[in-house]
1. Residues that are of a type in the set (S, T, N, Q) and closer than 27 Å to residue 122 by Cβ: list the strands (runs of 3 or more DSSP E) wholly contained in the stretch 134-212 that include at least 1 such residues.
2. From 88, 96, grab the single residue that is free of Cβ contacts under 8 Å to residues at least 60 places away in the same chain, of a type in the set (Ser, Thr, Tyr) and out of contact with any Leu (no Cβ under 9 Å at 6 or more places or on another chain).
3. Would you call residue 83 farther than 27 Å from residue 114 by Cβ and in contact with a strand residue (DSSP E or B) (Cβ under 6 Å, 6 or more places away or on another chain)?
4. Would you mind stating whether residue 14 is in a loop (DSSP other than H, G, I, E, B), in contact with a Pro (Cβ under 7 Å, 6 or more places away or on another chain), surrounded by fewer than 17 Cβ atoms within 10 Å (Cβ to Cβ) and in the same structural domain as residue 209 (by TED's automatic domain parsing)?
5. Please tell me if residue 214 is in contact with a strand residue (DSSP E or B) (Cβ under 7 Å, 6 or more places away or on another chain) and modelled with pLDDT of 85 or more.
6. Where residues in the stretch 76-101 are crowded, with 18+ Cβ neighbours inside 10 Å and on the phi > 0 side of the Ramachandran plot, which of them is farthest from the chain's Cα centre (by Cα)?
7. Name the residues in the stretch 128-174 that are surrounded by fewer than 19 Cβ atoms within 10 Å (Cβ to Cβ) and under 18 Å from residue 14 (Cβ atoms), would you?
8. Could you list, in sequence order, the residues of the stretch 17-31 that are of a type outside the set (Lys, Arg), part of a loop (DSSP other than H, G, I, E, B) and modelled with pLDDT of 95 or more?
Amino acid sequence: MTKKMVFVDTSKCTGCKACSVACKEWNELPAEKTQLLTSYQTQKNFTTKTWTYMTFIEKYEDQKMNWLMRKAQCFHCAYPACMKACSSGAISKTESGYVLIDQDKCIGCGYCAENCPFGVPKVDPIAKKSFKCTGCIDRVENNLLPACVHTCQPGALGFGERDAMLTQAKKRLAEVQKTHPKSQLYGEKEMGGMTYLYLLLDSPEAYGLPVNPAAPLSLTIWKDVIRPVGSVAVGGAAAAVVLGVFANLFRGNYRSTDDDSTNHAHSKKGGK
């Protein structure tokens, strides 16, 4: 399967929250009690039962109020920090670009949650499993649109092959920049390129997104430096032990042969 992409055009988003409802319905996720936080935002963060939600930010600039609305969910990175951090090999990436958690392998260690630069995965302390958006991979692999895309009435969500969606996104960006000069694409190159590409009306910071998201330095040092060196060291130590064993065996055999030769010589002398 070729790489896919979901294009999120925030300039068309009306904040209706239908995408979040569709996600819960398709994935059979129960409703959660929420409260008004700011403006129209009622969901503060991801949970094990809420995999996508709407963020609402009001920005007053140049005597004008701008609504910055964004559908938040897992970005499905090309180089996912969660997969790199996973201690049980439970996280993998499909050829189409989706990052998935194998619940049978997940042990709930929480490393994915701790190292995701977007704070996406959440661990259920009772089930001891980590949960996040699946990208509706079950629908995608059966030639259906992701549930959120299928239900989006204003056409803020698009889905298709990555190259085609990138072309569409750049064309749309050129149009939007005429009225919103700060508009930019987010997700084309970040984290190696994401399956979810955003057209933002302002800077990433204005939406509460990291400008240059990356795996934590501590994770990179541990996975790319310390562990490989440790493996070499362990391998070297193991090799030294094996060589030591063979050396001892060789010395033992040599001594045994030498002793046999000496005893044989003594016996010959005694027989004369």
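The values are calculated or read from the model by the stated rules, or taken from the named source; none is laboratory data. Keep in mind the model is a prediction, meaning the values are calculated, not measured. Cβ: placed from backbone, ideal geometry, glycine included. Neighbour counts: every protein chain shown.
1. Ranges flagged: none.
2. After ruling out the rest, the residue left standing is 88.
3. no
4. Spelling it out, residue 14 is indeed in a loop (DSSP other than H, G, I, E, B), in contact with a Pro (Cβ under 7 Å, 6 or more places away or on another chain), surrounded by fewer than 17 Cβ atoms within 10 Å (Cβ to Cβ) and in the same structural domain as residue 209 (by TED's automatic domain parsing).
5. Spelling it out, it is not the case that residue 214 is in contact with a strand residue (DSSP E or B) (Cβ under 7 Å, 6 or more places away or on another chain) and modelled with pLDDT of 85 or more.
6. This residue is 97.
7. 150, 151, 153, 154, 155, 172
8. Answer for the stretch 17-31, where residues must be of a type outside the set (Lys, Arg), part of a loop (DSSP other than H, G, I, E, B) and modelled with pLDDT of 95 or more: 27, 28, 29, 30.
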